[in-house]
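A short worksheet on the structure shown next.
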Amino acid sequence: MPPTKITLDREHRRVVLAAMVGTTIEWYDFFIYAISAGLVFATQFFGGAGKNALLVSFATIGISFFFRPLGAVIAGHLGDRIGRRAMLIFTLLLMGVSTALMGLVPSSDAIGVGAPILLVLLRIMQGLSAGGEWGGAALLAVEHAPADRRGLYGAFPQIGVPIGLLLANGVLAATAAITGPDRFLAWGWRIPFLLSVVLIVFGMYIRTRVAESPVFEEVKKTRTQSNVPLVPLFKHHWALVIVGALLFAANNAVGYMTTGGYIQSYAVKTLHLDRTTVLAAVMISAVGWLVSTLLGGWLADRYGRLPVYRIGFVVQLAWMFPFFALINTANLALVIVALILFTVGLGLTYGPQPALYAEMYPTRVRYSGAAISYAIGAILGGAFAPTIAEALQTRTGTVYAVAVYLATVTLIGLIATFLVKDHPGTPLTEPLTPKPLAEDRP
C-alpha cells in the first residue's frame, strides 16, 4: 500500500477539526478534575477522611466511570437513531457546564459534607458526557474519511486527549505559578474550571458548522436505522464489545497514570518535586503522546490496525519498569525522558482505535458498539487506576508494585489483539450482518 499523505481537503479539515477541538475541550474539562484530585481536592473537599484523604480523592475520579456506560447507551441509542452531530453538541455542552460549576462549589470548610457531595454529583455529569462523546467524535471523523485514510482521520479526535492533557496541565501550571502555593490551594485552582465557559463557546461554534456523517445519512435515507440498537448489538456482537473493552482497558489504565494525576501526585508528594515543574514535564510528554498517536493512525493505514496495536503493547510492556526507575531518580531531565518514552506505546495503541472500532460494527449499531466498548474499557482500565496505584504503593512501599499491575493489564490487551480480525478498508455501509471474532471466521 502506498504511503498515506497527511493532507486533507477543506471539507475533511472541517470535520477533523470539529472532532479534535470538541474532544480537546471535553478532555481538558475531564483532566482538570483528575489532576486537581491529586493536587488540591484531598485538602479542600476530603480532609475529613484524614490520612486516607488522597485515596478518597483519587477514588472520586473512578466514580464517574461507572456512569460512562449509561452515557454511552443514551448517546449511542440517539446517535444511531438521529445522528452523530446532534449528540456531539449535547455532550460538549453537558461537560462544559458541569466543569464550570465545579469551580463554584464551596470547600468543605464552608459548607461541610455538602461540598464533596456536590463535587461528586458534577463529576458524575462529566462521566455521562465522556461516555457519549468519544464514540460520536471518532465515528464522525472515520465515517467522513476515504477508506485508505480511516486510521489517520480517526487519530485526529484521539489527539484531543493529549492536547486536553497539555492544556489542563498548562493552565494549572500557569495558575499555580501566578497565584503561588497558598493562594492556589485557597482559590486559584478554581480559575481553570471557570475557563471552561470560554472553551465551550468556541467548541460549540466549531461543531455546529460540521455536516452529519455521510454514512449515517445513507442509512437514514434507506431507513435502516435500528429502533433499539442495543438489542442487535448484544445479540450479535457481544463478544466484540468485550474484546474492544479489553483493548482499550490496557491503554487506558496506563494512560491514567498521568491523565488521572497519579504521577503528578507521586512526584510532588513523595519525591518532593516542584508542582509547577512536574506539570510542565507532563505537558512536554503530552506533545510526545500527540505525535505518537498521529503516527499510530498513519501506520494503521499502511500496515493494519492490529499489527500497530501489538507493537504498541510490546513497547508499553518493555518500558514499564524502566519508566518507574527513571521517575524515582527525581531528576527532572530523566523524569521528562521517562514520560516522553512512556507515551510511545500509548500513542500506538490509541491512534488506530477509532478505525478499528468503526470497522468492527455495522452502521446501525456502530455508535452504540464503539461507545459502549470504550466506556466498559474505561471502567476496567482507567476508572480506578490512580486509586489502585496509590493503594499498591502505600501498602508495599514501592512504586514497582504499580509497574507489575500495569504490565499485567498491558499483557491482557496484547492477548486481546489476537481475538479479533482486522478489516482495514471494509465498506462502512456493508450488509448488516454480525462481524465474527477471529475464530468464527474461516
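The values are calculated or read from the model by the stated rules, or taken from the named source; none is laboratory data. Bear in mind that the values here come from a model prediction, so they are computed numbers and not experimental data. Quick reminder, even Gly has a Cβ in these numbers, built from the backbone with ideal geometry, and neighbours come from all protein chains shown. Each accessible area value is taken on the protein alone, full model and side chains, heavy atoms only, with ligands, DNA and RNA left out. Shrake-Rupley method; radii C 1.70, N 1.55, O 1.52, S 1.80 Å.
Suppose we filter the range 28-46 for residues that are assigned to a helix (DSSP H, G or I) and modelled with pLDDT of 85 or more; how many remain? Steps first, please.
Start the filter on the range 28-46 by keeping residues that are assigned to a helix (DSSP H, G or I), which leaves 28-44.
Subsequent filtering for residues that are modelled with pLDDT of 85 or more retains 28, 32-33, 36-37, 40-44.
Number of matching residues: 10.
Of the residues that sit in the range 191-206 and are touching a Gly at 6+ places or on another chain (Cβ under 8 Å) and surrounded by fewer than 20 Cβ atoms within 10 Å (Cβ to Cβ), which one is farthest from LYS269 (Cα to Cα)?
Result: ILE206.
Could you please let me know if ALA338 is modelled with pLDDT of 90 or more, open to solvent by less than 10 Å² (accessible area, probe 1.4 Å), of a type outside the set (Ser, Thr, Tyr) and assigned to a helix (DSSP H, G or I)?
Details: modelled with pLDDT of 90 or more: yes; open to solvent by less than 10 Å² (accessible area, probe 1.4 Å): yes; of a type outside the set (Ser, Thr, Tyr): yes; assigned to a helix (DSSP H, G or I): yes.
Considered against the rule, which asks whether it is modelled with pLDDT of 90 or more, open to solvent by less than 10 Å² (accessible area, probe 1.4 Å), of a type outside the set (Ser, Thr, Tyr) and assigned to a helix (DSSP H, G or I), ALA338 comes out as yes.
Out of the residues in the range 361-407 that are within 29 Å of PRO157 (Cβ to Cβ) and among the polar types (S, T, N, Q), which is modelled with the highest pLDDT?
The extreme case among them is SER373.
From the list TYR357, TYR303, pick out the single residue that is within 20 Å of the chain's Cα centre (by Cα) and more than 19 Å from ALA173 (Cβ to Cβ). Can you show your working first?
Numbers: TYR303 fails: within 20 Å of the chain's Cα centre (by Cα).
Of the residues listed, the single one that is within 20 Å of the chain's Cα centre (by Cα) and more than 19 Å from ALA173 (Cβ to Cβ) is TYR357.
Take the conditions open to solvent by 10 Å² or more (accessible area, probe 1.4 Å) and outside any helix (DSSP H, G or I) and apply them to LEU273. Does it pass?
Working: open to solvent by 10 Å² or more (accessible area, probe 1.4 Å): yes; outside any helix (DSSP H, G or I): yes.
Yes.
Return the total of residues in the range 72-112 being among the polar types (S, T, N, Q) and open to solvent by less than 10 Å² (accessible area, probe 1.4 Å). Explain how you work it out, then say what you get.
Within the range 72-112, the first condition is being among the polar types (S, T, N, Q), and the residues that meet it are 91, 98-99, 107-108.
Add one more test, that the residue is open to solvent by less than 10 Å² (accessible area, probe 1.4 Å), and what stays is 91, 98-99.
Residues that pass the stated criteria total 3.
State the number of residues belonging to the range 344-393 that are closer than 30 Å to LEU55 by Cα, assigned to a helix (DSSP H, G or I) and open to solvent by 10 Å² or more (accessible area, probe 1.4 Å).
The qualifying residues number 10.
Consider MET20 carefully, then state whether it is in contact with a helix residue (DSSP H, G or I) (Cβ under 8 Å, 6 or more places away or on another chain), at pLDDT below 80 and open to solvent by 10 Å² or more (accessible area, probe 1.4 Å).
On the way: in contact with a helix residue (DSSP H, G or I) (Cβ under 8 Å, 6 or more places away or on another chain): yes; at pLDDT below 80: no; open to solvent by 10 Å² or more (accessible area, probe 1.4 Å): yes.
No.
Can you find a residue in the range 95-108 that is under 28 Å from LEU152 (Cα atoms) and in contact (Cβ under 8 Å) with a residue 12 or more places away in the chain?
Residues of the range 95-108 that are under 28 Å from LEU152 (Cα atoms), as a first pass: 95-96.
Remaining after also requiring in contact (Cβ under 8 Å) with a residue 12 or more places away in the chain: 95-96.
Checked against the condition, which is being under 28 Å from LEU152 (Cα atoms) and in contact (Cβ under 8 Å) with a residue 12 or more places away in the chain, the range 95-108 yields at least one hit.
Return the residue satisfying two criteria in turn: it lies in the range 172-190 and is surrounded by 17 or more Cβ atoms within 10 Å (Cβ to Cβ) and modelled with pLDDT of 90 or more, and of such residues it is farthest from TRP27 (Cα to Cα).
PHE184
Test each condition in (1) aliphatic (A, V, I, L, M); (2) touching an Asp or Glu at 6+ places or on another chain (Cβ under 9 Å); (3) open to solvent by less than 50 Å² (accessible area, probe 1.4 Å) for LEU419 and report the one that comes out false.
(3)
Given the options ARG123, ARG149, name the one that is under 20 Å from the mean Cα position of the chain (by Cα) and over 15 Å from ARG207 (Cα atoms).
ARG123
For the range 113-150, enumerate the residues that are of a type in the set (Val, Ile, Thr), surrounded by fewer than 24 Cβ atoms within 10 Å (Cβ to Cβ) and either within 22 Å of GLY369 (Cβ to Cβ) or in contact with a helix residue (DSSP H, G or I) (Cβ under 8 Å, 6 or more places away or on another chain) (or both).
At the first step, the residues of the range 113-150 found to be of a type in the set (Val, Ile, Thr) are 113, 117, 120, 124, 142.
Now restrict to residues that are surrounded by fewer than 24 Cβ atoms within 10 Å (Cβ to Cβ): 113, 117, 120, 124.
Passing the criteria: VAL113, VAL120, ILE124.
Yes/no per residue for (1) at pLDDT below 95; (2) within 22 Å of VAL404 (Cβ to Cβ); (3) in contact with a helix residue (DSSP H, G or I) (Cβ under 8 Å, 6 or more places away or on another chain); (4) among the aliphatic types (A, V, I, L, M):
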| site | (1), (2), (3), (4) |
| --- | --- |
| MET257 | yes, yes, yes, yes |
| GLN264 | yes, yes, yes, no |
| VAL268 | yes, no, yes, yes |
| LEU273 | yes, no, yes, yes |
| VAL287 | yes, no, yes, yes |
| VAL291 | no, no, yes, yes |
| GLY296 | no, no, yes, no |
| PHE323 | no, yes, yes, no |
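Would you pick out the residues in the range 394-424 that are assigned to a helix (DSSP H, G or I), under 30 Å from GLY304 (Cα atoms) and of a type outside the set (Ser, Thr, Tyr)? Don't jump to the end; show me each part of the working.
Residues of the range 394-424 that are assigned to a helix (DSSP H, G or I), as a first pass: 394-396, 400-416.
If we keep only those that are under 30 Å from GLY304 (Cα atoms) as well, we get 403-416.
Matches in the range 394-424: ALA403, VAL404, LEU406, ALA407, VAL409, LEU411, ILE412, GLY413, LEU414, ILE415, ALA416.
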